[in-house]
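Structure first, commentary second.
The values are calculated or read from the model by the stated rules, or taken from the named source; none is laboratory data. What you are looking at is a predicted structure, and each value in this text was computed from that prediction instead of being measured. Counting neighbours? That spans all protein chains shown, and the Cβs are built from the backbone with ideal geometry, glycine included.
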Amino acid sequence: MSSIFAAPTAGPVPLHLIARAEAEDWLTARGSEVQNAAKTQNWSGKLGQILCLSEQGLPVRLAIGYGDAAERKRKRFGAVAGLPNMPDQVFELVECHQDWAEEFAVAFTLGKYRYDRYATNAVPKAALICPAGVDAEKIEAIVSGEFVTRDLINTPANDMGPAELEAAARDLAKTYAADISVITGDELIAQNFPLIHAVGRASARAPRLIDLSWGTSGPRLTLVGKGVCFDTGGLNLKPGGSMGLMKKDMGGAAHVLGLAKMIMAKKLPVQLRVLVPAVENAIGGSAFRPQDILKSRKGLTVEINNTDAEGRLVLADALTLADESPCDVMICMATLTGAARVAVGPDIAPYFTQDVDLSHEIATAATAVDDPVWQLPLHAPYEAMIEPGIADLDNAPAGGFAGAITAALFLQRFVSETQKFVHFDCYGWQPSAAPARPKGGVGQGTRALFQALPRILNL
């Protein structure tokens, strides 16, 4: 049995998930005692409301309101809003619509996450037996992968630099018997990764390229994640307010490592490769400068018009390497632009792809698992904005228009052989606590991708 679920036990507390429209009939069928309890507790089936029936001070039955469609649209995972207040008991879901069971199981187990590396942070004590008909192994893979993502993002940069990110990848490789190699420091120059080296060379913590592979048969899937472990902005120094959350600038790496864990834990029949350029964008005598022109692994030259647009630089070299061995699907994930957040806010992960079928499968899966994403256009007329004339590409076009799109167009220049390519511009942070998502690091788009992969790859 999965470790995130309670083992079947004698006498679990029955748990009912009841929609608002069904609440009155449900109460009527259970008689006056239950109806009186509902009146006392002001329970009407509203989303997340808990009705606790007790005997001798111990819960003997729990009903959670599932609200109506409008409530559920406004509050993702709202059914588990009261999880921290649920009694310290083992619960068994005995009544709900079957198509709600998996969603509830995911929400419940995600809601158990707490980051406690530096201070005590009590985990909700209520436990759930895996509902009938729900794939416990699948939920375990999803939740454990998401927890990897959250832990990596939440860890501050003093304890999550390029070396520590490498260590996390090596731990993952060891767990699943994956192969891993790492190119570090000046060896990046020797092996032709000049942009990764340029961005990371000013830091006392050496830049590196992490390369993990797993699986020997099946379609080829490559994940590329931005691993900027802290971003000062470089010589174009960020103001303090903008620098405050830059521990999460390795969120793309956290996302692909979390997704990789889902894939390997579920033993999907794929040939998986994960590439993470891990750097710290620091200030020093060797820092790259505005107006520098740098040559990429692909041979394209890049004019640096803002050293704070460093993520697309390190990704460019990693994407080029990935594209040298064309795969069936390539997925890039990065905390790349503030423009993406202006466009869609913190809850939605925008993505970019030219492949219509790939886009459709991602969007369909995202809706199915309540992991919101939104496609933004790779608008070809904006290509001119990233062409400065003095070099092949501009890393930070002036004017501020369409920042997420121009960044995606920049990355696309480094993927010419792989036909199915998608780039996600993730925020990776929950600004305030919400059901199943404590304040802090959070995955975006990974559950949607995991859901979509079997159809995308014809597994």
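What's the total number of residues in the stretch 344-356 that are part of a strand (DSSP E or B) and closer than 18 Å to Ile456 by Cβ?
Qualifying residue count for the region: 4.
Identify, from the list Leu237, Leu188, Leu209, Leu195, the residue that is out of contact with any Ser or Thr (no Cβ under 6 Å at 6 or more places or on another chain), closer than 27 Å to Tyr351 by Cβ, in the same structural domain as Ser296 (by TED's automatic domain parsing) and not acidic (Asp, Glu).
Details: Leu237 fails: closer than 27 Å to Tyr351 by Cβ; Leu188 fails: closer than 27 Å to Tyr351 by Cβ; Leu195 fails: out of contact with any Ser or Thr (no Cβ under 6 Å at 6 or more places or on another chain).
Matching residue, one of Leu237, Leu188, Leu209, Leu195: Leu209.
Please pick out the residue among Ile139, Ile129, Ile183, Ile189 that is out of contact with any Cys (no Cβ under 6 Å at 6 or more places or on another chain), touching a residue at least 24 places away in the same chain (Cβ under 8 Å) and within 22 Å of Gly234 (Cβ to Cβ). Lay out the reasoning, then the answer.
Details: Ile139 fails: within 22 Å of Gly234 (Cβ to Cβ); Ile129 fails: within 22 Å of Gly234 (Cβ to Cβ); Ile189 fails: touching a residue at least 24 places away in the same chain (Cβ under 8 Å).
The unique qualifying residue is Ile183.
Consider only pairs whose beta carbons are under 8 Å apart and that are at least six residues apart or on different chains; among these, list those whose first residue lies in the stretch 34-58 and is without any contact (Cβ under 8 Å) to a residue 60 or more places away in the chain and whose second residue is among the hydroxyl-bearing types (Ser, Thr, Tyr).
Correct list of pairs: Gln35/Thr28; Ala38/Ser44; Gly45/Tyr66; Leu47/Tyr66.
Looking only at the stretch 389-403, decide whether some residue is part of a helix (DSSP H, G or I) and either at positive phi or hydrophobic (A, V, I, L, M, F, W, C) (or both).
No - not one qualifying residue is present in the stretch 389-403.
Name the single residue, out of those in the stretch 206-236 being among the small types (Gly, Ala, Ser) and closer than 24 Å to Arg455 by Cα, that is surrounded by the fewest Cβ atoms within 10 Å (Cβ to Cβ). Break it down into steps so the answer makes sense when it comes.
Restricting attention to the stretch 206-236, the residues satisfying the condition of being among the small types (Gly, Ala, Ser) are 206, 213, 215, 217-218, 225, 227, 233-234.
Of the ones still in play, those that are also closer than 24 Å to Arg455 by Cα are 213, 215, 217-218, 225.
On the way: Ser213: 17, Gly215: 19, Ser217: 7, Gly218: 15, Gly225: 32.
So, considering only residues that are among the small types (Gly, Ala, Ser) and closer than 24 Å to Arg455 by Cα, the one surrounded by the fewest Cβ atoms within 10 Å (Cβ to Cβ) is Ser217.
Under the condition of being aliphatic (A, V, I, L, M) and buried (at least 20 other Cβ atoms within 10 Å of the Cβ), which residue from the stretch 184-205 is farthest from Val228 (Cα to Cα)?
So, considering only residues that are aliphatic (A, V, I, L, M) and buried (at least 20 other Cβ atoms within 10 Å of the Cβ), the one farthest from Val228 (Cα to Cα) is Leu188.
Kindly check whether there is at least one residue in the stretch 222-230 that is more than 17 Å from Gln444 (Cα to Cα) and without any contact (Cβ under 8 Å) to a residue 60 or more places away in the chain.
No, that holds for no residue.
So that you can scan it fast, the table gives a plain yes or no per residue for (1) surrounded by 20 or more Cβ atoms within 10 Å (Cβ to Cβ); (2) in the same structural domain as Asp347 (by TED's automatic domain parsing):
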position: Pro59; (1), (2): no, no
position: Ala70; (1), (2): no, no
position: Val80; (1), (2): yes, no
position: Thr120; (1), (2): no, no
position: Lys125; (1), (2): no, no
position: Ala132; (1), (2): no, no
position: Leu152; (1), (2): yes, yes
position: Ala157; (1), (2): no, yes
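Scan the stretch 232-251 residue by residue and report those that are assigned to a helix (DSSP H, G or I), farther than 24 Å from Gly285 by Cα and either aliphatic (A, V, I, L, M) or more than 20 Å from the chain's Cα centre (by Cα) (or both).
The first filter runs over the stretch 232-251 and keeps only residues assigned to a helix (DSSP H, G or I), leaving 240-243, 246-251.
This time we only want the ones that are farther than 24 Å from Gly285 by Cα, so: 241, 248, 251.
Passing the criteria: only Gly241.
Give the residue that is nearest to Lys439 (Cα to Cα), with candidates limited to residues of the stretch 111-150 that are in a helix (DSSP H, G or I) and touching a strand residue (DSSP E or B) at 6+ places or on another chain (Cβ under 7 Å).
Applying the filter and picking the extreme gives Arg150.
State yes or no: is Gly285 free of Cβ contacts under 8 Å to residues at least 12 places away in the same chain and either surrounded by fewer than 24 Cβ atoms within 10 Å (Cβ to Cβ) or not aliphatic (A, V, I, L, M) (or both)?
It is false that Gly285 is free of Cβ contacts under 8 Å to residues at least 12 places away in the same chain and either surrounded by fewer than 24 Cβ atoms within 10 Å (Cβ to Cβ) or not aliphatic (A, V, I, L, M) (or both).
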